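Please read the structure below before turning to the comments.
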Ligand SMILES: [Zn+2]
């Protein structure tokens, strides 16, 4: 994944009010230039701490005194067409900063004032499957699953594990000229030309299930359903995948196998799972070791240099892939124990997250610390 290590030059505070516009533009440009995915404006007692999320971790950036904090928040809310007067209720919106693309913004009242979080979306919308660093067998399996006219492809992982990026890359790989591609998202993160995208709006009762029901009446070929959260959506998603549609979706589960368990708990019968699920991809993102300052010892980060941030530069995906094979489908329908399912799931030699982490460490791409941080201590390969 692209990313620069160093914090960008920090724009200096304005001296008078008519400089606020240019200052805010410079802040957004600076945050992007440092490779941050998010900008946090944290209200404190006497002002706001601006923080950047770089390669998944937050760090302090700039301190903004009260006077300019208020102007900064007002300017951003105005750009995103939020209600300026409303400071007691959360709001969310989107602002455009020219050619750079759009920024999602969310406000939340906190003890010392409104906190704003800005999601700076970068080049992900142009990401292709080849850019994801998928291990060759996983890339092959995913391409094969995508080549089918129907079936369910699931991407799993916690928030911030890059699921959406992978989904978008999958959609990019599909032909949208001769097929009807549609997405249901919460919210729409990137605009994809040639694809009908719908954002759910829980406030007016427009949820995944309702949009999905309406979409199925519009002759879709491929559907991307942002997330499966409830039994009604789970049922519709697997039914659609079983009746001639290619469906892509995500679940908040740790491992690939847990996705099947979760769908069972959401009321999907085993035979339907066996019939509809084609592939489950579990993923995580770890920071990538900087090749310029890395010590010879594998698995250790360097001290940091002008090319990186604290020894890391960019991020790398770790993947675990589960294919619905005939033996696995039979075992599912027979109500096999998770242990047995796990054995069958990986019988084909597709990697687990832990194996993927081991490979990444052995190839010098990441560190023990990163793997522990992301997969937890028990998953750390010895
Ligand atoms: Zn370095």
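Observations on the model:
- Check on residue 332, over 15 Å from residue 371 (Cα atoms), without any contact (Cβ under 8 Å) to a residue 40 or more places away in the chain and away from the ligand (no atom under 16 Å from the Cβ): no
- Any chance residue 257 is more than 21 Å from residue 210 (Cβ to Cβ), away from the ligand (no atom under 16 Å from the Cβ) and not in a strand (DSSP E or B): yes
- Check on residue 287, within 26 Å of residue 142 (Cβ to Cβ), touching a helix residue (DSSP H, G or I) at 6+ places or on another chain (Cβ under 7 Å) and within 16 Å of the ligand (Cβ to nearest atom): yes
- Residue tally, condition closer than 15 Å to residue 18 by Cβ and touching a strand residue (DSSP E or B) at 6+ places or on another chain (Cβ under 6 Å), over the stretch 73-83: 0
- Residue match in the stretch 172-180 (condition: surrounded by fewer than 14 Cβ atoms within 10 Å (Cβ to Cβ) and either outside any loop (DSSP other than H, G, I, E, B) or in contact (Cβ under 8 Å) with a residue 60 or more places away in the chain (or both)): no
- Residues located in the stretch 335-346, provided they are loosely packed, with under 15 Cβ neighbours inside 10 Å and touching a residue at least 40 places away in the same chain (Cβ under 8 Å): 335, 338
- Residues in the stretch 196-208 that are assigned to a loop (DSSP other than H, G, I, E, B) and either at pLDDT 90 or above or surrounded by 19 or more Cβ atoms within 10 Å (Cβ to Cβ) (or both): 200, 207.
- For the stretch 1-49, a residue qualifies if it is over 14 Å from residue 69 (Cβ atoms), more than 16 Å from the ligand (Cβ to nearest atom), crowded, with 20+ Cβ neighbours inside 10 Å and modelled with pLDDT of 85 or more, and the qualifying residues are 28, 30, 31, 32, 36, 37.
- Of 321, 305, 293, all but one fail to be more than 16 Å from the ligand (Cβ to nearest atom) and either surrounded by fewer than 22 Cβ atoms within 10 Å (Cβ to Cβ) or modelled with pLDDT of 90 or more (or both); the exception is 321.
- Scope the stretch 262-284; condition in contact with a strand residue (DSSP E or B) (Cβ under 8 Å, 6 or more places away or on another chain) and surrounded by fewer than 20 Cβ atoms within 10 Å (Cβ to Cβ); matching residues: 262
- Against the list (1) away from the ligand (no atom under 16 Å from the Cβ); (2) touching a residue at least 60 places away in the same chain (Cβ under 8 Å); (3) surrounded by fewer than 22 Cβ atoms within 10 Å (Cβ to Cβ), the condition residue 251 fails is (3).
Results for (1) over 30 Å from residue 244 (Cα atoms); (2) within 16 Å of the ligand (Cβ to nearest atom); (3) not in a loop (DSSP other than H, G, I, E, B), shown as yes or no for each residue.
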position: 278; (1), (2), (3): no, no, yes
position: 283; (1), (2), (3): no, no, yes
position: 316; (1), (2), (3): yes, yes, yes
position: 328; (1), (2), (3): no, no, yes
position: 339; (1), (2), (3): yes, no, yes
position: 350; (1), (2), (3): no, no, no
position: 359; (1), (2), (3): yes, no, yes
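The values are calculated or read from the model by the stated rules, or taken from the named source; none is laboratory data. Just so we're clear, the structure is a prediction, and the values are computed from it rather than from any experiment. Ideal geometry is used to build each Cβ from the backbone, glycine not excepted, and the neighbour counts take in all protein chains shown.
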